[in-house]
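The values are calculated or read from the model by the stated rules, or taken from the named source; none is laboratory data. This is a predicted model, so every value here is computed, not measured. Cβ: placed from backbone, ideal geometry, glycine included. Neighbour counts: every protein chain shown. Heads up: the accessible areas ignore ligands, DNA and RNA and are worked out on the full protein's heavy atoms, side chains in. Shrake-Rupley method; radii C 1.70, N 1.55, O 1.52, S 1.80 Å.
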Amino acid sequence: DDARLVITNLKSAREMGAKIYARHRCVSARRSADGKLWDIELAGPGGVPVKLQARGLVNAAGPWVKHFIDEQTDVKTTKRVRLVKGSHIIVPKLHDGDHAFILQNSDNRIVFVIPYEREFSLIGTTDIAVDEGEHPVCTPEETAYLCEIASHYMAKPVRPQDVVWTYSGVRPLFDDGDDNPSEVTRDYHLEVDGGPGKAPLLSVFGGKITTYRRLAEHALKDLAAWYPQMGAPWTAERALVDGELADAPTFEQAFDLFV
């Protein structure tokens, strides 16, 4: 449940002192005259302005990362992202158990079949290049494509009329120059603008929610020079505020059990 995961992270951040500005849009971010701070202006509900200052700024705007740099700051970059739509379909449960399936299609793409909300299965995803500003929706062609792949492997055929819900999102993939959307790197690229005595701007190009904690630790490592009092990484051993695995072993501890 990606929406719940986002809220849980916000709650965890708030418990550690973060201020959350929901439904606020950043309209401007400029360095102060001496370059040591960011002067930030937000537009709140109804357009009410909110002004903030920060010693550093992280641009994790996803599909809008380049747009934010170009429109809200005076920073220049040649880095870009490519926008690729991924659609999913939800059907009545296809198999018992908590395990997922990884299906290899004849076009060399991978499609997952994952248990979803107890009574359903989630099937996805597609890879279709889209333009900025396009509202992503699952097309009939995408539905047929996912149904065909699932039907090839699953004991129970999947038909478009079995689909109870669809959803689509846009992935911001770091533009590495590959023409095939499926071959564009799923890795992320971090770029830091700033120097000694100059408030940093770290921009995240690409990345995905399944590796967000590793990405966050990498981002802090790249920012460490501006924050000499920064502590050591800790997210691998910290459960989220709503987490049910507070006593679970860390990755390193779990790995040690099998070697």
Prolate/oblate/rounded label for the stretch 181-235 (Cα gyration tensor, a/c 1.5): oblate
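Which number comes out as Rg/Rh for the chain once both Rg and the Kirkwood Rh are worked out on C-alpha atoms? Please report the intermediate quantities before stating the final value.
On the way: Rg = 21.2 Å, Rh = 21.2 Å.
Reported Rg/Rh (Cα atoms, Kirkwood Rh): 1.00.
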Probe 1.4 Å, accessible area per residue of the stretch 1-133, Å²: 62
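Rounding to the nearest 20 debye, state how big the charge dipole of the stretch 136-224 is about its Cα centre with +1 on each Lys and Arg Cβ and -1 on each Asp and Glu Cβ.
Numbers: 9 positive and 14 negative charges, 109 e Å.
Result for the stretch 136-224 is approximately 520 debye, rounded to the nearest 20.
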Accessible-area order (highest first, 1.4 angstrom probe) of the listed residues Val204, Val6: Val6, Val204
Within straight-line cross-link reach of Lys66, lysines at Cα separation under 28 Å, skipping those fewer than 8 residues along the same chain: Lys11, Lys19, Lys36, Lys51, Lys76, Lys79, Lys85, Lys198, Lys208, Lys221
Spread of Cα-to-Cα distances over 5 Å intervals beginning at zero, given as percent, for the stretch 6-122: 2, 8, 12, 13, 13, 12, 10, 9, 10, 7, 3, 1, 0
Cβ charges +1 (Lys, Arg) and -1 (Asp, Glu), total dipole of the stretch 1-160, debye: 740
Residue with peak Gaussian network fluctuation, the chain [Cα springs, cutoff 10 Å], from Thr235, Thr125, Thr185: Thr235
Spherically averaged projected area in nm², based on the convex hull that wraps the Cα atoms of the stretch 77-221: 10.8
Carbon plus sulfur fraction of accessible area for the chain, probe 1.4 Å, in percent: 54
The chain, helix-only ellipticity at 222 nm - DSSP H runs n ≥ 4, -39,500 (n - 2.57), divided by all residues, nearest 500: -6500 deg cm²/dmol
